[in-house]
1. Can you pull out the residues in region 16-48 that are among the aliphatic types (A, V, I, L, M) and crowded, with 16+ Cβ neighbours inside 10 Å?
2. If you go through region 54-100, how many residues are surrounded by 13 or more Cβ atoms within 10 Å (Cβ to Cβ) and over 24 Å from residue 126 (Cβ atoms)?
3. Against the definition (surrounded by 14 or more Cβ atoms within 10 Å (Cβ to Cβ), within 30 Å of residue 156 (Cα to Cα) and touching an Asp or Glu at 6+ places or on another chain (Cβ under 9 Å)), how does residue 13 come out, yes or no?
4. Within region 81-92, identify whether any single residue is among the basic types (Lys, Arg) and over 28 Å from residue 18 (Cα atoms), and answer yes or no.
5. Within region 103-125, is there a residue that is in contact with a helix residue (DSSP H, G or I) (Cβ under 9 Å, 6 or more places away or on another chain), in a helix (DSSP H, G or I), among the basic types (Lys, Arg) and under 16 Å from residue 17 (Cα atoms)?
6. Out of (1) within 19 Å of the chain's Cα centre (by Cα); (2) aliphatic (A, V, I, L, M); (3) assigned by TED's automatic domain parsing to the domain that holds residue 18, what's the single condition that is false for residue 51?
7. What's the total number of residues in region 1-10 that are surrounded by fewer than 16 Cβ atoms within 10 Å (Cβ to Cβ), part of a helix (DSSP H, G or I) and in contact (Cβ under 8 Å) with a residue 24 or more places away in the chain?
8. Given the condition in contact with a Cys (Cβ under 9 Å, 6 or more places away or on another chain) and either in contact (Cβ under 8 Å) with a residue 24 or more places away in the chain or not assigned by TED's automatic domain parsing to the domain that holds residue 30 (or both), answer yes or no: does some residue in region 86-97 qualify?
Amino acid sequence: MNLQSDDFELFALQRRFAQERSQIDARWKELQREAHPDRFAAQGAAAQRVAMQWSVRINEAYQRLKDPLKRAAYLCELGGAPVRAEDNTAMPAAFLMQQMEWREALEDASSEAELDALDDQVLGAKKQMLSECGRLLDEAQDPVAAVQQVRALMFVARFAQDVERRRDQLGQ
């Protein structure tokens, strides 16, 4: 294992968006077993510290690889196209209109059924965007174009959390 390896190399996976979650999970368990600090107890404190660093590195990689949105953003970054969501918030007008419609529907929602319908719309949009991310990253090999999809997915993920918060408010 090499600390300088990217997450895909570390997990012995192809550098692509499409991944089997079960393979990521299985490889994570293998790597955690290999790097567990207890395995290095007889080798002293220094070896255990290195093992702990490895364990942290493995967990960080796992968090990025298992989440499709984080994986897409990471692939964009590896492809030389950082997402920069914190300072690049420009989005297409049609997407912003959709967001405004969703926001209004969320504010107006007064029942579980209305929230379920909104949730279904958001889930459908998320699936389409993830599919487009996969196409742009794996087929078109265009991380620059994929950045726009990743940023849109970030908006959708935040909105989905808002829907859940609204659901919690209705339940009280």
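The values are calculated or read from the model by the stated rules, or taken from the named source; none is laboratory data. Note that this is a predicted model, so its numbers are computed, not measured. Cβ: placed from backbone, ideal geometry, glycine included. Neighbour counts: every protein chain shown.
1. Residues satisfying the conditions are 24, 31, 35.
2. Number satisfying all stated conditions: 5.
3. Spelling it out, residue 13 is indeed surrounded by 14 or more Cβ atoms within 10 Å (Cβ to Cβ), within 30 Å of residue 156 (Cα to Cα) and touching an Asp or Glu at 6+ places or on another chain (Cβ under 9 Å).
4. no
5. Scanning region 103-125 turns up no residue that is in contact with a helix residue (DSSP H, G or I) (Cβ under 9 Å, 6 or more places away or on another chain), in a helix (DSSP H, G or I), among the basic types (Lys, Arg) and under 16 Å from residue 17 (Cα atoms).
6. Single failed check for residue 51: (1).
7. Result for region 1-10: 0.
8. Step one: list which residues in region 86-97 are in contact with a Cys (Cβ under 9 Å, 6 or more places away or on another chain), which gives none.
Among the residues of region 86-97, not one is in contact with a Cys (Cβ under 9 Å, 6 or more places away or on another chain) and either in contact (Cβ under 8 Å) with a residue 24 or more places away in the chain or not assigned by TED's automatic domain parsing to the domain that holds residue 30 (or both), which makes the answer no.
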